[in-house]
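To start, the structure itself, in structure tokens.
No value in this document is a laboratory result; all are computed from the given coordinates. Since we're looking at a predicted model, the values are computed, not measured. Neighbour counts run over all protein chains shown; Cβ positions are idealised from the backbone, glycine included.
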Amino acid sequence: MKFFIIATAIFVAALAADDHKEIHRKCQDDPASHIDNMVSDPSRIENLPANYGKHILCMCKGLHLLTEDGKANRQEIQSRVEHAMPQDATKVAAVVAECSENRANGEDTAMHIWACLHKHQVMQGHGHSSEESSEKDSSEHHHHHH
């Protein structure tokens with residue numbers, strides 16, 4: 001179990017050059033954007049807390065995915081997408097175009113960017129459930145069949 005925790009910490013650290021955990025902590029420290037840690041993965045939770053959008057807005061601003069005035073920061077989104085799929089420029093362009101659309105307000109835009117980047121596996125590691133399943137999946141592939 002101890003090894004797993006360390007592996008997960010390294011996994012998150014490798015993805016977040018800017019301190020993802022630090023930003024998450026800041027957003028969690030503010031009562032307005034504090035959410036229960038179990039709802040970090042929006043695809044698995046039906047009943048999101050009312051302030052979930054505020055939390056994501058806080059995260060996206062902290063990660064510079066959103067400008068201070070609540071618009072998609074295309075440059076930052078692009079650099080993350082390129083980092084996630086360096087071999088595939090065509091896909092990068094498509095994902096960036098899809099994920100940097102602005103919505104009606106900052107919160108909607110943040111939710112869109114967040115969900116979009118997760119969908120394309122650009123942002124992994126915010127949310128414990130998704131990490132655990134991918135850890136388990138990857139360990140399945142280490143069995144050698146002769």
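Quick look at the values:
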read-out: Spin-label pair residue 75/residue 47, simplified geometry with 7 Å Cα→Cβ offset, distance in nm; value: 4.3
read-out: Around residue 54: net Lys/Arg minus Asp/Glu count, Cβ-Cβ under 11 Å; value: -1
